[in-house]
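A short worksheet on the structure shown next.
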Amino acid sequence: MLELRPILSALWRHKISALLIALQLGLTLAIVSNASVVIKERQERIARPTGVAEADIVTAHFMPIPKDYDMLEAFRLDMDMIRQLPGVAAATISRAPLTGSGSSSGFHTKPHQEVGSTGAANFRVDEHFIDALGMKLVAGRNFTPDEIRMMESNSSERPTKTIITQQLADTLFPEGNALGKPIYFGGEDNPMEIVGIVERNLGPWPNSSIAGNTVFFPAIMDNQWYDYIVRAEPGQRDAVLKLLEEKLAERDADRVINVETLEEQKTRYYAGDNTMIKVLSGVVSLLTFIVALGIVGLTVFWITQRQKQIGVRRALGATRLAISRYFLLENLMIAATGIVLGVATAQIFNKFLASEFGQPALPLSTTLICAFILLAVSVAAALVPALRAANISPAMATRSV
Amino acid sequence: MIGYYVSLALRSLRRTPILSALMVAAIAVGVGAAMTTLTLNYMMSRNALADKNEVLYALQLDNWDPHEAADNPSEMPWQLTYKDAISLLRSDIPTYQVAMHRWGGPVTLEDSTVRPYTAQARVTSRDFFALFDIPFIYGGTWAKEADSNAVFQIVINEATNEKLFNGENSVGRTINFNGTPFTVVGVIGNWSPSPKVHDLNNGSFQKSAELFIPFGLHRTFEIQPWGNTNGWKPEKIESYEDGLGAEYVWVQYWVQLDSAEQRQRYEDYLTGFIREQKDQGRFPRPLKFGLSKPSEWLVLNEVVDGDDRMLSWLSLAFLLVCLVNAVALLLAKFLRKAPETGVRRALGASRSAVFSQHLVESGCIGLAGGLIGILLTLAGLALIRQLSMGYMDSVASMDWLMMLSAIGLAILSSLLAGLYPAWRISRTNPSIYLKTQ
C-alpha cells in the first residue's frame, strides 16, 4: 500500500531524529492532556452556580471611627436610607458570601453529640436576606421580622430557628424530611428548628470541602463583622455602587467605608484558580507552538537533504501529489508513534499528579481529543514543507550535490 | 581555541538563521517557563527569619479536642488561647517572647488633611521588635506594663510616619486609632518579610502591619482578632471576659532561646505548665507541644502550596520537551554540515576537536536562549503579578541569583542537548564525503 516500505526504510536511516520528534509529541501530549483536565476542573469549579444573584450585588463594609459607636442604630438608619435609593431592589445586613472570610461550626441532628459533626458556614441575617441575595426558597418559609434578634456581640443567646441550604439538609437528613427538624451545635442541647430551606448558597469558602453547607440564623449582633448586601435592579449595579458610597458617607462621615461588587470579591477569591487556568492555557498553547516549530524545522531539513532523491523520483514520473503525500505520510507515522507513547506517558504523569497534588483523574477521552488536535497540528506543520517539496524540479536529478 | 570555536559557531548560526532562531526560541521559551515557576517557588520558600533561624521558635500547645487532633500536619492548633499566652508571658526563661495577633481599625489625625483610613495593626507584646530584629528609626518600644495593662502607646512604621507626619520624628505626637488617642513611642523602618514567617495565618504573602499596639489593650477595645479563631469546646460565652477565658485559639506565640541549655529549661517549663493545666482539667490530649524554628515553621505551614509545586513539575516537563526539540534541531543542523566536517576530519582535525567545536556552538545557542529566557521570565512574573491581584507581588520578582540561574540553566540544558548531536558529528567518516566531492 502506497509507499510505506520506502518511508519506513528512510525513517530507519534517520531513526534518532524521527524518534526525537515522536518523543517530543508524546511528552507534549502528556503535558497538554493533564493540563487540560486541570483547566477544565478549575473552570467548572468557578462556573458553579453560587445560589446568589452575584452579578447584581454590591456590598458595603464600614468601620466606625468613634470608640462607642451604636452599630445597631447605624444599621437601622443605613438600611432605611439604602432601601430608598433609586435602582436598589433589596438590601440586607449580613456577611457577603464568596469572600473567603466567615465563620463555620459543626452541626448535629441530635443533642449532646461531640464527635462526627457536619461542618457548615453560618451567617447571621435579617428577614431580607433571601430577597437581597437573590436566593430561592425551596421549602418552608423565610424568617419573620419579629424572629430577628438584635444582640450585643457577647450575648450567649442561642438561635431557635434556622434556614439551611438544600445541600446541608440532604447531608444531615438523607431521608429528605429536614423541614421542621432541629439541628444542634456540637456538644450542645439547644434545638434550632429548620423553618426553611434555600436552594443553594456556596458560603464564604467555595473551594473548601464544606462549600454549599450553609446555615442562616435570625440574629444581628452589634459588632463590626457585617456587610450591607445590596441587590440592584438589573443593569443598575454600577450606578448603585457609586450612589451607595456617596450616601453612606453623607449620612455619617465618621467612618471608613469600603464598597465593592460581589463579582469583584468572587474574582479575588478565585484569583489563584484563575492564575492557574491562564498559566496552564499558556503552557498548552506554547508547547503546541514549539512542537509545530520543531516539526517544520525537521521536515524542511529532511527535504533539503533529499532534494536530489526527490528530483530523481520526479524525473522518473512521480506526480507532485505523490511527493507531498510521501512527506505527509512520513510525518503521520512519526506523529502516530509519538501519540501512542504520549497516551501511556499521560497516564503515568496523571497518576503522579493525582497522588501528589490531588488533581483529577485523566479520562482516556480527554487524552484522545488532545491527541487528535496534536495530530492535526503536526500534519498542518508538515503541510507547507511537503507542498514545497513537490515544487522541486526534476532537473535536480541531474545536478551533483 | 575557544575563541576560534565561538567565531566558527557564530558564523554557522548566521548561515542557518531560521533553524538557529528556532532553537534559540525553543530554549528561551523552555527556560522562561521553567524559571518563572522556579522563581515563584524559590521566593515563596525563602526564610525571612534566616538570620535568627537557630534561636527563634514558634510555639504550639496541644490543647485540642480529646476526640480528634487538630486538622493540620502538626496535629496541634497553630495558635494559643489568650489565657495560655498570658500565663506564658510571665516566664522569665526566654530571652524574648511575643504573644500577638492581627487586628486593624480606622486611623484619624486631628487637624489633618489625611482622610480617615483603615490600618492593619498588630497587637503584640513589647519584645516583638527585639525578637524579630526590627530596627527603630525613632524612639523604641512601649513600657513593660503595657503587656498586661491598658497603655495607649503605639509604634508606627516608616510609611505611616511619612503619611501622617511627613517623615518627621513623631515620637510624642498623638494619633487616633479606633477612636482613641495614642501616643507615638516609636517609628520602625519598613519591615515586610515575605513570606510573613511570623504570621502565616492570614495569607503568607500579605503586607505586614502598619501599626503596632500593646497586648494589654484587649479589654479596653474588646478586641476580636482579624484572623483565624478556632475552637472545639462548647462553652457558654456571656461576656468578652468569658471569651478571653475560653478555649478558643487565636494568639500567635514566638520565643527566642539562645542556647540548648535555655531551650531545655524552657521545654521543662512547658512540660510543667501543661501538667499543671492537666491537673485543672484542661489539655485533655496527650502531653505535646511544638517549638519550631522559622525554617521548620514554613514547611509545616505548607507555604508553597500544591498548585505552585505542580506548576514547577509541569514546567520542568515543559523544559524537557524544549530540550528534546533542541536535540532534534541540533542534530539536523550538524548533520547538514557533515560534508564540511568530513573535509576537516580528512585534513587532520581530531574527533575531540570536532566534538568540542560543536559543543561550543550549542553553548552559544544556549546563551542566546538564556538571555531571551530571562526576558520571558520577567514577562511571565509580571503576568503572574497581574493575574494574582496583588497576592503575589512580593514573590513574583527575580533577584540576581535567579537571573544567573536562568543563564546557567539555559547553557547547561543546551550543552546537554548538544552532547549527542556533537558526538554524532564527530564520528563522521571522512571517506564518504571525500568520494563525492
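The values are calculated or read from the model by the stated rules, or taken from the named source; none is laboratory data. Everything quoted here is computed from the prediction, not taken from an experiment. Here the Cβ is made from the backbone with ideal geometry for all residues, glycine too, and neighbour counts use every protein chain on show. For accessibility, only protein heavy atoms count, side chains too; no ligands or nucleic acids. Shrake-Rupley method; radii C 1.70, N 1.55, O 1.52, S 1.80 Å.
For region A:52-90, filtering for residues that are in contact with a helix residue (DSSP H, G or I) (Cβ under 8 Å, 6 or more places away or on another chain) and either of a type in the set (G, A, S) or away from chain B (no Cβ under 14 Å) (or both) leaves 19. Counting the residues of region A:6-16 that are within 10 Å of chain B (Cβ to nearest Cβ) and free of Cβ contacts under 8 Å to residues at least 12 places away in the same chain gives 1. Within region B:230-244, residues that are free of Cβ contacts under 8 Å to residues at least 24 places away in the same chain sit with their Cβ atoms under 6 Å from residues that are open to solvent by 70 Å² or more (accessible area, probe 1.4 Å), at 6+ positions apart or across chains, in these pairs: B:G231/B:Y248; B:Y240/B:E222.
Please verify whether region A:255-270 includes one or more residues that are farther than 20 Å from A:G102 by Cα and modelled with pLDDT under 95. So far as region A:255-270 goes, yes, one or more of its residues are farther than 20 Å from A:G102 by Cα and modelled with pLDDT under 95.
Checked against the criterion of being assigned to a helix (DSSP H, G or I), modelled with pLDDT of 90 or more, touching a strand residue (DSSP E or B) at 6+ places or on another chain (Cβ under 8 Å) and of a type in the set (G, A, S), the candidates A:A96, A:A55, A:A74, A:A35 yield just one match: A:A74.
If you check B:V114 against the conditions, is it at pLDDT below 90, closer than 30 Å to B:T174 by Cα and either out of contact with any Gly (no Cβ under 6 Å at 6 or more places or on another chain) or not aliphatic (A, V, I, L, M) (or both)?
yes
The lone criterion from (1) open to solvent by less than 60 Å² (accessible area, probe 1.4 Å); (2) more than 14 Å from every other protein chain (Cβ to nearest Cβ); (3) over 26 Å from A:T267 (Cβ atoms) left unmet by A:P206 is number (3). One residue stands out among those in region B:91-134 that are assigned to a helix (DSSP H, G or I) and aliphatic (A, V, I, L, M): the one that is surrounded by the fewest Cβ atoms within 10 Å (Cβ to Cβ), which is B:A130. Which of the residues that make up region A:54-75 are under 20 Å from A:P206 (Cβ atoms) and open to solvent by 30 Å² or more (accessible area, probe 1.4 Å)? Residues satisfying the conditions are A:E54, A:A55, A:D56, A:H61. In region A:17-40, the residues that are more than 9 Å from chain B (Cβ to nearest Cβ) and more than 17 Å from A:L368 (Cβ to Cβ) reach residues that are buried (at least 22 other Cβ atoms within 10 Å of the Cβ) and small (G, A, S) with C-beta atoms within less than 8 angstrom, at least six apart or across chains, in these pairs: A:A22/A:A335; A:A22/A:G338.
Among the residues here, B:L387 does not qualify as among the aliphatic types (A, V, I, L, M) and modelled with pLDDT of 85 or more. Among the numbered conditions (1) out of contact with any Asp or Glu (no Cβ under 8 Å at 6 or more places or on another chain); (2) within 14 Å of chain B (Cβ to nearest Cβ), the only one that A:G187 does not meet is (1).
What residue, of B:A9, B:A69, is in a loop (DSSP other than H, G, I, E, B) and open to solvent by less than 40 Å² (accessible area, probe 1.4 Å)?
Going through B:A9, B:A69 in turn, the sole match is B:A69.
For B:V303, the criteria (1) closer than 30 Å to B:T39 by Cβ; (2) open to solvent by 20 Å² or more (accessible area, probe 1.4 Å); (3) assigned to a loop (DSSP other than H, G, I, E, B) hold in every case but one, which is (2).
Considering only residues in region B:192-237 that are assigned to a helix (DSSP H, G or I) and touching a helix residue (DSSP H, G or I) at 6+ places or on another chain (Cβ under 9 Å), the one that is surrounded by the most Cβ atoms within 10 Å (Cβ to Cβ) turns out to be B:F215. Among the candidates B:A353, B:A382, B:A332, B:A406, the residue that is away from chain A (no Cβ under 11 Å) and over 30 Å from B:Q206 (Cα atoms) is uniquely B:A353. Among the residues of region A:339-351, is any at the interface with another protein chain (Cβ under 8 Å from one of its Cβ atoms) and either over 22 Å from A:P385 (Cα atoms) or touching a Leu at 6+ places or on another chain (Cβ under 9 Å) (or both)? Taking every residue of region A:339-351 in turn, at least one turns out to be at the interface with another protein chain (Cβ under 8 Å from one of its Cβ atoms) and either over 22 Å from A:P385 (Cα atoms) or touching a Leu at 6+ places or on another chain (Cβ under 9 Å) (or both). Inside region A:209-226, residues that are closer than 18 Å to A:T50 by Cα and open to solvent by 10 Å² or more (accessible area, probe 1.4 Å) make up a count of 4. For region B:178-188, taking the residues that are at pLDDT 95 or above, out of contact with any Asp or Glu (no Cβ under 9 Å at 6 or more places or on another chain) and surrounded by 17 or more Cβ atoms within 10 Å (Cβ to Cβ), the one that is nearest to A:V256 (Cα to Cα) is identified as B:F182.
The single condition among (1) in a loop (DSSP other than H, G, I, E, B); (2) open to solvent by 20 Å² or more (accessible area, probe 1.4 Å); (3) closer than 28 Å to A:F75 by Cα that A:R231 does not meet is (1). Per the listing A:L362, A:L328, A:L383, A:L374, the residue uniquely open to solvent by 50 Å² or more (accessible area, probe 1.4 Å) and either at pLDDT 90 or above or under 29 Å from A:R313 (Cβ atoms) (or both) is A:L383.
For A:R48, the criteria (1) under 17 Å from A:A249 (Cβ atoms); (2) more than 12 Å from every other protein chain (Cβ to nearest Cβ) hold in every case but one, which is (1).
Looking across region A:250-263 at every residue that is part of a helix (DSSP H, G or I) and under 19 Å from A:T92 (Cα atoms), the one that is least open to solvent (accessible area, probe 1.4 Å) is identified as A:L262. Based on this model, can you work out whether B:G363 counts as within 13 Å of another protein chain (Cβ to nearest Cβ) and either part of a helix (DSSP H, G or I) or touching a residue at least 12 places away in the same chain (Cβ under 8 Å) (or both)? In short, no. Here is a check on your reading of the model: is B:T141 buried (at least 22 other Cβ atoms within 10 Å of the Cβ), away from chain A (no Cβ under 14 Å), over 25 Å from the mean Cα position of the chain (by Cα) and among the polar types (S, T, N, Q)? It is true that B:T141 is buried (at least 22 other Cβ atoms within 10 Å of the Cβ), away from chain A (no Cβ under 14 Å), over 25 Å from the mean Cα position of the chain (by Cα) and among the polar types (S, T, N, Q). Scanning region B:236-295 for residues that are within 17 Å of B:M76 (Cα to Cα) and polar (S, T, N, Q) gives B:Q252, B:T271, B:Q277, B:S292.
Of the residues making up region A:264-292, those that are out of contact with any Phe, Trp or Tyr (no Cβ under 9 Å at 6 or more places or on another chain), surrounded by fewer than 20 Cβ atoms within 10 Å (Cβ to Cβ) and within 7 Å of chain B (Cβ to nearest Cβ) are A:N274, A:K278.
Evaluate the following for A:A91: is it more than 30 Å from A:L329 (Cβ to Cβ), in a strand (DSSP E or B) and open to solvent by less than 60 Å² (accessible area, probe 1.4 Å)? Quick ask: steps written out before the conclusion?
Numbers: more than 30 Å from A:L329 (Cβ to Cβ): yes; in a strand (DSSP E or B): yes; open to solvent by less than 60 Å² (accessible area, probe 1.4 Å): yes.
Answer is yes for this residue.
Only one of the numbered conditions (1) open to solvent by 30 Å² or more (accessible area, probe 1.4 Å); (2) over 27 Å from the mean Cα position of the chain (by Cα); (3) within 14 Å of chain B (Cβ to nearest Cβ) is not met by A:K247, and that is (3).
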